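Remarks on the structure that follows.
The values are calculated or read from the model by the stated rules, or taken from the named source; none is laboratory data. As the structure is a computational prediction, the values presented were derived from the model and not from experiment. Glycine also receives a Cβ, built like all others from the backbone with ideal geometry; neighbour counts cover every protein chain displayed.
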Amino acid sequence: MRKAAFQQTSHPDLYELLTDNSIDRVMAIDEQWCVIAWNKTAALITGIHKDDIIGKSLLQVFAQLKEDPEMIDAIQSAFRGYKTFVPARTGLFNRENYENHFIPLTNEAGKVKSVMNIMHDVAGRVKAEKRLQEVNEALAQQYRQLETVTTEMATFTYITSNEIKEPLRHVYTAFELLVKSEGKVLSNGGKANIRRIQASINKINLLLDDIWALSHINSFKQVRNNVDLNEVYREALVKLEKKITERGAVIETDGLPLIPGYKDMLQTLFVNLIDNGLKFQEKGNQPYIRIASHAIDSADLPPGFQSNKPIVQVSFTDNGIGFDPVHADRVFIMFEKLHPKSLYHGSGMGLTIAKKIVEAHDGFIQAIAQPGKGATIKCYLPAE
């Protein structure tokens, strides 16, 4: 009678065939929680033959179920007409490698007369998830170690650069005092040599500043905020005011957008790219730099760059000496110089830092130029 309550199909042999060939453990209990169905997989895994369990109380055969309220609640809910699911749980008997599905079975009147339990073996998945968790934990540990090393390196770089710059300032000042106090007895050649030494000291200071800026980008951890690029532009002009005035440069923009980012970094980006346009000019040429921006469709993104976010292009176009377009990628390499060092002074890190800053904003940077016709540096930055 109990078996009949479960086998509501007119083809009991088909039911037996389906359940016995299932890789899952399949069983069913009646309203008194007595076992009325038990497939071959259940018998194979538990070692309990079908004839030895049919008609027996589930809670007597598996007494440990009484200590598992999650399973008891799932069975009770199934008898109330709800399909229930109990995930695998580590540390619980018969639960670590199995997830349980409970399905109410009704008679012709729609009343729940029995509940079918399907136990699905997820040992492989559990093992894979455990391994994945171990890998993630190992990666997290390595990331924390990397963060520590990066922070320590940034701190070391900052302290070291300041420790080096302090004596350099003293040396520079000493030479300046020497020229002023002994100028009458120094030959023109001697004075020129001192000025060359001072120029080298300034270059070392610039290099130290750029090394610090580069290490600071790698260890930067602040939260992104909305940044007004118009404000960044104005602040960059203030920083470069002396050089702009000396060169008689004209710098224009029609207005720039608001983007999410790191203001200090973006200010460094603007300073470096404007300075780049001021620096690489023919002697006697009046520098002209135009900064423009507009939204970019995904179809118009440069090769090698993809993004699922709206993108804005901020371009810096100058009327400088330009360069051969075959070297477009080389301009972003640290210390790579396409023009004579004696004519165009710098640390050789400006565009490298610019590239790092754009990448820190999940963007892309591109250089376009022609010899003698100026250059355009295009920065593709997420707009939100």
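A quick yes/no check of all residues on (1) touching a helix residue (DSSP H, G or I) at 6+ places or on another chain (Cβ under 9 Å); (2) surrounded by 14 or more Cβ atoms within 10 Å (Cβ to Cβ); (3) within 17 Å of T376 (Cβ to Cβ):
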residue: L258; (1), (2), (3): yes, yes, no
residue: Q267; (1), (2), (3): yes, yes, no
residue: K279; (1), (2), (3): yes, yes, yes
residue: N308; (1), (2), (3): yes, no, no
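Whenever a residue of the range 308-330 is touching a residue at least 12 places away in the same chain (Cβ under 8 Å), its partners that are in a loop (DSSP other than H, G, I, E, B) and acidic (D, E), lying with C-beta atoms within less than 8 angstrom and at least six residues away or across chains, give the pairs K309/D362; K309/E384; P310/E384; G320/E282; I321/E282. For the range 42-55, the criterion of being touching a Ser or Thr at 6+ places or on another chain (Cβ under 9 Å), at pLDDT 90 or above and surrounded by fewer than 18 Cβ atoms within 10 Å (Cβ to Cβ) is met by none of the residues. Screening G348, G261 for residues that are in contact with a Lys or Arg (Cβ under 7 Å, 6 or more places away or on another chain) and at pLDDT below 80 leaves exactly one candidate, G348.
Of the candidates I29, I54, I36, I23, the single residue that is over 52 Å from the mean Cα position of the chain (by Cα), assigned by TED's automatic domain parsing to the domain that holds L105 and in contact (Cβ under 8 Å) with a residue 60 or more places away in the chain is I36.
The lone criterion from (1) among the aromatic types (F, W, Y); (2) modelled with pLDDT under 90; (3) under 24 Å from L237 (Cβ atoms) left unmet by Y380 is number (2).
Taken together, V185, V126 contain a single residue that is over 23 Å from T268 (Cβ atoms) and either at pLDDT 75 or above or not in a helix (DSSP H, G or I) (or both), which is V185.
The sole residue among I244, I194 that is part of a helix (DSSP H, G or I), at pLDDT 85 or above and over 35 Å from the mean Cα position of the chain (by Cα) is I244. Being under 15 Å from T268 (Cβ atoms) and modelled with pLDDT of 90 or more is a property that L214 lacks. Taking Y233 as the residue in question, decide whether it is closer than 19 Å to I365 by Cβ, modelled with pLDDT under 90 and within 32 Å of the chain's Cα centre (by Cα). No.
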